[in-house]
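Q: Got a structure for you, questions after.
The values are calculated or read from the model by the stated rules, or taken from the named source; none is laboratory data. Not measured: the values here are computed from a predicted model. Neighbour counts are summed over all protein chains in view; Cβ atoms, including those assigned to glycine, are modelled from backbone coordinates with ideal geometry. Note: areas computed on protein heavy atoms with side chains; ligands, DNA, RNA excluded. Shrake-Rupley method; radii C 1.70, N 1.55, O 1.52, S 1.80 Å.
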2 protein chains.
Amino acid sequence: MLTAQTRSEATAARIIAAAKSLFVARNYSDVTTDMIAAAAEITKGGLYHHFASKEDLYLAMMLGDFEDKRRLFEQAVATPGTCRDRLAQLTRDYLELPHEERELTHLVRRDVNTFSGKERDSLISAYQKALPAQIETIINDGIRDEEVAACDARILAWSFVALVEVVIGQYAEVTLGNTEAQLEHVLGLFFGGVSITPKGEPA
Amino acid sequence: MLTAQTRSEATAARIIAAAKSLFVARNYSDVTTDMIAAAAEITKGGLYHHFASKEDLYLAMMLGDFEDKRRLFEQAVATPGTCRDRLAQLTRDYLELPHEERELTHLVRRDVNTFSGKERDSLISAYQKALPAQIETIINDGIRDEEVAACDARILAWSFVALVEVVIGQYAEVTLGNTEAQLEHVLGLFFGGVSITPKGEPA
DNA sequence: CCACCGACCGACTGACCGGTCGGTTTATAC
DNA sequence: GTATAAACCGACCGGTCAGTCGGTCGGTGG
């Protein structure tokens, strides 16, 4: 028996799911509320019953996703172990997400210019907390434990994120073949670099 | 004496320059032809005399920029030396570009979804030739010369590009302080990784 | 000087978009 | 069964945008 509350929640979830697919595939302005409504099999009026505006829908979608991810990734942060092992766990958790869930992570950089004020700030902040800040924590521990050479952990976190984004690109995904290969590539590059003869000097 | 031809070229250049500033600061759809016209101090009708469409203007801007950059970066490719030195030169050339010129490079990834068909393909192709493909050539030489561990050079090229993009972010730019520090950071990370005790295994 | 043409203008067009609103439907409580 | 409120509908609205068009201006050549 579907109650009004669960009916409403189910509809809102259906709208969010439809929005996810569309916003992953197209830039913010290229996704129309008509498209989202059609994909969610509801009218635009119905859509506006649940979300105050297009922007409100987008933010709900993104902030919800980042909160899910923050919770997922904080497990790796909380796990004792080497910096490398913890980054491995976090990255594996990320790589094993469904393709679309992974792609959502990138939308901030793509779409953030379209927003301003506190909406923009909350997007950036939620992304930061979900991913880079957690990686930074792990790297800071690595620096403290002298596993990682002393360097600005935030820059290293962003560098790590950037390297992960490369291996989930289409070409790299096909070339490397599977999640473990992607993972080993990123970790190998991040920790050991590409030089055949290590120079012995910290980064 | 300004001829019609040079007058026309000057106006088109003025429009392109105005477009660059605007498209760097905002996503494609958020920049209107009215804005561009106003910034170029011309009317919209005048703007449409020079460019067939907004898309035509954007493509002219981007393809022109990528051609300039392809020429700039091919000097590093053509210079004999170690992989590291040649990457250093190319990256220094890039880092020394005016801020806006550097930012233009990223617009492809941000805006490419808005385009389709041959326009999309030509954008991607021009970007590829201007930067990643040239880096890939240098890295391939590094692999051949056994300076770089054997790995897919295209993935490494994109990884290198990704690392450079991190150090030109606002935070890293301020933290690292100057172009040489940015350069050393990227090269150190790319060639040597972050591990204090090199494992001696190739990436 | 005059004719011509490219460069440019400013008013205009119509498609599209985010959002609205009066009405209908559905679920629930009494 | 009835009343109510939430969920939803479909037609509508008005602002915005890319692009158009008839006209003017400026430069050039005969």
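Q: Looking at (1) in contact with a helix residue (DSSP H, G or I) (Cβ under 8 Å, 6 or more places away or on another chain); (2) at negative phi, which is the one condition that is false for B:Glu184?
A: (1)
Q: Let me ask something additional. Exactly one of these conditions fails for B:Asp85: (1) within 14 Å of chain A (Cβ to nearest Cβ); (2) surrounded by fewer than 17 Cβ atoms within 10 Å (Cβ to Cβ); (3) within 16 Å of DNA strand C (Cβ to nearest atom). Give me its number.
A: The failed condition is (3).
Q: Quick one: which of B:Asp111, B:Asp65, B:Asp30, B:Asp93 is among the acidic types (Asp, Glu) and either open to solvent by 60 Å² or more (accessible area, probe 1.4 Å) or outside the structural domain of B:Glu184 (by TED's automatic domain parsing) (or both)?
A: After applying the criteria, what remains is B:Asp30.
Q: Can you pull out the residues in segment B:20-29 that are under 19 Å from the mean Cα position of the chain (by Cα), within 14 Å of DNA strand C (Cβ to nearest atom) and in a helix (DSSP H, G or I)?
A: Matches in segment B:20-29: B:Tyr28 only.
Quick grid of which residues meet (1) away from chain B (no Cβ under 14 Å); (2) within 16 Å of DNA strand D (Cβ to nearest atom):
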position	(1), (2)
A:Ser29	no, yes
A:Ile36	yes, yes
A:Lys44	yes, yes
A:Tyr94	yes, no
A:His106	no, no
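Q: Please go through (1) of a type in the set (D, E, K, R); (2) surrounded by fewer than 16 Cβ atoms within 10 Å (Cβ to Cβ); (3) over 15 Å from the mean Cα position of the chain (by Cα) for A:Glu147 and return the number of the only condition it doesn't satisfy.
A: (2)
Q: Still on this model: What single numbered condition from (1) within 25 Å of A:Glu9 (Cβ to Cβ); (2) crowded, with 20+ Cβ neighbours inside 10 Å fails to hold for A:Glu136?
A: Only one criterion is unmet by A:Glu136, namely (1).
Q: Just to verify a result, which residue in segment A:1-14, among those that are touching a helix residue (DSSP H, G or I) at 6+ places or on another chain (Cβ under 9 Å) and not in a loop (DSSP other than H, G, I, E, B), is surrounded by the fewest Cβ atoms within 10 Å (Cβ to Cβ)?
A: For segment A:1-14, the residue satisfying everything is A:Ser8.
Q: If you go through segment B:39-53 one residue at a time, how many are part of a helix (DSSP H, G or I) and open to solvent by less than 40 Å² (accessible area, probe 1.4 Å)?
A: Kept after step one, since they are part of a helix (DSSP H, G or I), are these residues of segment B:39-53: B:39, B:44-50.
Now narrow it down to the ones that are open to solvent by less than 40 Å² (accessible area, probe 1.4 Å): B:46-47.
Result for segment B:39-53: 2.
Q: Go through (1) crowded, with 17+ Cβ neighbours inside 10 Å; (2) more than 10 Å from DNA strand C (Cβ to nearest atom); (3) not basic (Lys, Arg) one by one and return the number of the condition A:Ala17 breaks.
A: (1)
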